[in-house]
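Here the structure comes first, spelled out in structure tokens, and everything after it is commentary.
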Amino acid sequence: MQVKHILVPVDFSDTAQAALLWAAELAERYGARLEMLHVYPVPGYVLPDGFVLASPEVHRDVDARARARLAQWLEIANRNRAIDITCAVSCGQPAAEILRRADDGNADLIVMGAHGLSGLALFLMGSNTDRVVRHAKVPVVVVPRGV
């Protein structure tokens, strides 16, 4: 198997940063392109009777903040390396968007943290890493916390 395109989903957690650094090292070693992807949920408000979408301005603000954070992480990943890195932001359910991006972008490998969320958020949303591992059409490298 030849690795030309590595997809790295990041949620800006410490575990995601460890995965990014692993992926950057792999990209440098194999001469692969690295794509960082941040997926955020649809902005809105949960009410007792349902869900209300946030205004377009809130959506744009969330997107802009995510892009600014990705730019900072791009510098971390690219430090002292000569690799091709691109960044993407998507809105939706994280595991589904990661899998879609891997398929649409012809990723050869996905590198992601073992877990980003914890506690109640993990219980309510389930494990995105687990969903990606179970449904990905390409190999997934899972980087544990603290590596």
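Of note:
- Selected residue (criterion: surrounded by the fewest Cβ atoms within 10 Å (Cβ to Cβ)) from residues of segment 44-98 that are among the acidic types (Asp, Glu) and outside any helix (DSSP H, G or I): 49
- Residues of segment 43-92 satisfying the condition of being among the charged types (D, E, K, R), in contact with a strand residue (DSSP E or B) (Cβ under 7 Å, 6 or more places away or on another chain) and without any contact (Cβ under 8 Å) to a residue 40 or more places away in the chain: 63, 67
- Candidates are the residues of segment 11-43 that are of a type in the set (Val, Ile, Thr) and modelled with pLDDT under 95; the one that is surrounded by the most Cβ atoms within 10 Å (Cβ to Cβ) is 15.
- Residue within segment 14-29 that is free of Cβ contacts under 8 Å to residues at least 24 places away in the same chain and at positive phi present: no
- Of the residues in segment 99-106, at least one is touching a residue at least 24 places away in the same chain (Cβ under 8 Å) and part of a loop (DSSP other than H, G, I, E, B).
The values are calculated or read from the model by the stated rules, or taken from the named source; none is laboratory data. Bear in mind the structure is a predicted one, so any value in this text is a computation, not a measurement. Every residue, glycine among them, receives a Cβ derived from its backbone with ideal geometry; neighbour counts consider all protein chains shown.
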